[in-house]
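A.B. asks: Structure below; questions to follow.
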Amino acid sequence: MDIHWAALGGVIGVSLGITLLTVVLFSLGVAAQPRGDGAGHGSERSRGANRTATAAAVLCFGACLAVAIYGLTLIIGD
């Protein structure tokens, strides 16, 4: 039995990187979400910032969902 340490290290590195990326994206989405909730308050400029924060939160959560779905397709296969 032979263990390919370089391949194992590569898998660990990629797994750790994707995990950290997903956690950071989710955290950014959680941080941006409350800023986008008050769309009816304030001036026109703050409404634009609220829309931007909401869009950023949606993009972050969407990226997390895409990573999760891709991982499931790798695990489940065809």
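A.B. asks: List every residue pair whose Cβ atoms lie under 6 Å apart, where the two residues are 6 or more positions apart in sequence or sit on different chains, the first residue falls within segment 14-30 and is more than 10 Å from F61 (Cβ to Cβ) and modelled with pLDDT of 95 or more, and the second residue, located anywhere, is among the aliphatic types (A, V, I, L, M) and surrounded by 11 or more Cβ atoms within 10 Å (Cβ to Cβ).
C.D. replies: Cβ pairs passing all conditions: T22/V67.
A.B. asks: In segment 41-57, what count of residues is obtained for those that are open to solvent by 70 Å² or more (accessible area, probe 1.4 Å) and either at pLDDT 95 or above or assigned to a loop (DSSP other than H, G, I, E, B) (or both)?
C.D. replies: Number satisfying all stated conditions: 1.
A.B. asks: While we're here: Just checking, does segment 32-39 include any residue being modelled with pLDDT of 85 or more and within 24 Å of the chain's Cα centre (by Cα)?
C.D. replies: Within segment 32-39 (the criterion being modelled with pLDDT of 85 or more and within 24 Å of the chain's Cα centre (by Cα)), the answer is yes, since at least one residue qualifies.
The values are calculated or read from the model by the stated rules, or taken from the named source; none is laboratory data. Fair warning: this is a prediction, and the values are worked out from it, not measured in the lab. FYI the Cβ positions are ideal-geometry reconstructions off the backbone, even for glycines, and counts take in every protein chain you see. Side chains are part of the model used for accessible areas, which takes the heavy atoms of the whole protein and leaves out ligands, DNA and RNA. Shrake-Rupley method; radii C 1.70, N 1.55, O 1.52, S 1.80 Å.
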